[in-house]
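These notes are about the structure you will find just below.
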Amino acid sequence: MTDNEPQLPPRRRFPWGALATLLLLAALAAAGYGGWRVWHANHETEDTVAAQEALLIRMSHQLSEAQSSIEQLRERQSDFGDALHQSADDAARLQGRTDELAQSLAHLSADLKGGRTRAQLIAVEQLLLLANDRAQLAHDARGATAALQLAEERLSAVAEPGLYEVRKAVADERIALLALPQADRASAALNLSGLIARADSMPLRERPLTRPEPTPQLAEAPHSFKPGWGARVWASLRELLSAVFIVQRTDKPVDRLLPPEQEGLVKQLLALKLESARAALLLGDTASFHSALDLAVQWLGDYYRAEDPTVSAARAELERLRGLELDPPLPDLGRSVGLLRAYLDAMPK
């Protein structure tokens, strides 16, 4: 090449070095990125493995707990089975005790029922004895009837078929008491009260009407007396005696003569006798009642005018009341007591 030849511009060389550098940088970058990715993947894998290990540990713990729970459940199930068997045994024993208790209660109920029935029948027996006492000691037919009626009501509440004969005997005795003649004491007491009110108005006996008899002539002077002073003395003596003594005659019995001041006492005594009769009537004392009536009738006959209508009516009423029977004989009430006692003796104790 000469200096005269045109010089060509120098040919540029390809920048292999830069390219290599770039490629190296790119390779380093790719390697870095790949390393980062590897590192990141490894880090994530480690985290995942750690998480999985933690999960496995947790699941292992949960599995252990579940196994423990299962074991506990099995133990509980076994215990429950044992308890169930024990409960079954206890239930069987309880059922046996319940049956025994039921039998005991049945026996106790029977005993209580029998004791209650016996107590009720003993109370009925007391009522029957009371009826006998009222009839035999006090002659109180009404009280005995009331006691028998109460005994009959209590017997009907017992409801025992074996007491039929006892109930029949009680009913028969009560009917026998009701069949007794009952004096109307209230009416008789009212009649006596009317007589007591009229006692002061009934007339007493008056002094009997008498007719005068001729004056009896005294004996003549003895023939031995000669007229003179002796005859005059005898005549004077005869005149004096005829003035002092009066002889009267009556055809009926002589009435008792009362001074006027004693007439009120006679009427009061009649009222007292009638009061005594009324008191005896209300008490049911037949003997005292009849005695008081007899005294009143006798008092009327002695001191009151028999022909007066009020006196005769009062006497007739007293005679009628005299026929009242205040205390009739009462029937025997012992059969029901005997039957009831026989039934009580036959009862189991």
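See the values below:
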quantity: VAL158 versus ALA316: modelled label distance in nm, points set 7 Å from Cα along the beta carbon direction; calculated: 5.6 nm
quantity: Extension gain (nm, one decimal) between ALA197 and ASP332, 0.36 nm per residue minus Cα-Cα; calculated: 44.4 nm
quantity: For the stretch 117-179, average projected area of the Cα convex hull in nm²; calculated: 3.8 nm²
quantity: Under 11 Å from the GLU100 label point (7 Å along Cα→beta-carbon), backbone N, the stretch 50-89; calculated: none
quantity: LEU195, LEU282, reordered so the largest accessible area comes first (probe 1.4 Å); calculated: LEU282, LEU195
quantity: Paramagnetic reach from GLN62 in the stretch 14-49 [backbone N under 16 Å; point 7 Å along Cα→Cβ]; calculated: none
quantity: Length released on extending from THR117 to SER187, taking residue separation times 0.36 nm less the Cα-Cα span; calculated: 20.7 nm
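The values are calculated or read from the model by the stated rules, or taken from the named source; none is laboratory data. The structure presented is a predicted model; accordingly, all values stated were derived computationally and were not measured. No Cβ is skipped: glycine too gets one built from the backbone with ideal geometry, and neighbour counts run over all protein chains shown. Heads up: the accessible areas ignore ligands, DNA and RNA and are worked out on the full protein's heavy atoms, side chains in. Shrake-Rupley method; radii C 1.70, N 1.55, O 1.52, S 1.80 Å.
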